[in-house]
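In what follows, a single structure is set out as structure tokens and then discussed.
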Amino acid sequence: MAERYRIEQELGTGRAGVVYAAFDTDLNRQVAFRRFDTAEENFHDEEWRKQFFDVVSDLSRINHSNILSVLDAGIDDDGPYLVTAHVEGLSLSQLIKHSGQMEIKELYSLTCQCLDALQAAEEFGYFHHALCPSSVIATPKPSGGYHYTMMDLGHSKLIPLVSTEGEFGLSKTLDPALMAPEIYEGKPQGIRSTLYMLGQLLYWMVAGGHPLAGYSLELAHAKHKAGEIPYLKSYRADFPEPFRQWIYWLIQPDPAKRPKSMMDAIKHLPPYEAATTQPTLPQPIRMDAQAIRPDYEA
């Protein structure tokens, strides 16, 4: 292990490796240390090493307050590792467990911060195909609300490299409830796939959960492909219609019917007042009620 980093505790484990809380003894700061589970023959291969460091170099150049900073990377006797900033806060999945459905004004703030971060990533040629409630950290702001930090940017390029399952490793690290159908089919559509997953993430936060959570990859894909996702207002009848229509634009099953660019999505995001003014309606059915098929053309 790189002697510079002192491992303190395990934070989480997954198909691609383990993440630890660590201390950078050179710069006296807390960091997150990710150890990838990579086949030894890979990280001894010169071409593989070049690809790994090329991706890491690109990621380290992305400097944005809503994107987790990549600080260092290397390969030692135990394999490849990645060092990032350590961010305090709760993941969106933890936030939902604590507070249920997100307030609409806070959801609008989450949307704007995510769009700004994804636009910055797009400028470097990166798309976030691993968005899920556990990959966004919410840090409380002194003035109220939250600052959001996107984790796992670059997974679409890193995971096929470092996973022992190669190209098949990526789909197994993604959340079936949010996965764009074309990603499952091995035909990701860049920013359009990213926007689909952002739309599904926002749906999750609005509804206080996702109806496809817990589904297998195969069954969730079939539902996504057919557009068989319960109507959002089944869970939140007071949700502003302009904001709902914009989210549904992002989650069109057909990639060609989604925004063609991040700028396109930002340009058509409803203004704050239109997106956050709630109609006076009784609250609707619970999350586990019978699904109602949405009208994607509305």
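Laboratory data are not the source of any read-out in this text; all were calculated from the coordinates shown. Treat the numbers as computed from the prediction; the structure is a model and nothing was measured. Here the Cβ positions follow ideal geometry from the backbone for every residue, glycine too, while neighbour counts run over all protein chains shown.
Provide the gained length on full extension for the span A21 to E103, in nm with one decimal, where the gain is 0.36 nm per separating residue minus the Cα-Cα distance. Walk me through the numbers before you get to the answer.
Numbers: separation 82, 0.36 × 82 = 29.52 nm, distance 3.11 nm.
Length gained, A21 through E103: 26.4 nm.
Stokes-Einstein diffusion for region 5-85, with the hydrodynamic radius set to the Kirkwood value over Cα pairs and evaluated at 10 °C in a medium of 1.306 mPa s, equals 119 µm²/s. In straight-distance terms, cross-link reach from K50 covers every one of the lysines whose alpha-carbon lies under 23 Å from its own, apart from those fewer than eight places away in the same chain; here that gives K157.
Rounding to the nearest 20 debye, state how big the charge dipole of region 12-142 is about its Cα centre with +1 on each Lys and Arg Cβ and -1 on each Asp and Glu Cβ. Mind showing how you got there, number by number?
Numbers: 10 positive and 20 negative charges, 155 e Å.
That gives a dipole near 740 debye.
Within a straight-line Cα-Cα reach of under 19 Å, K260 can be paired with the following aspartates and glutamates, leaving aside sequence neighbours fewer than 8 residues apart in one chain: D116, E122, E123, E182, E297.
With the convex hull of the Cα atoms taken as the outline of region 90-276, the averaged projected area works out to 10.4 nm². Modelled label positions at K260 and E241, each set 7 Å beyond Cα in the direction of Cβ, lie 2.8 nm from each other. Computed from label points 7 Å out along Cα-Cβ, the spacing between Y215 and H268 is 2.4 nm.
Site pair E40 and K187 shows an inter-label distance of 4.1 nm when each label is modelled 7 Å from Cα along Cα→Cβ.
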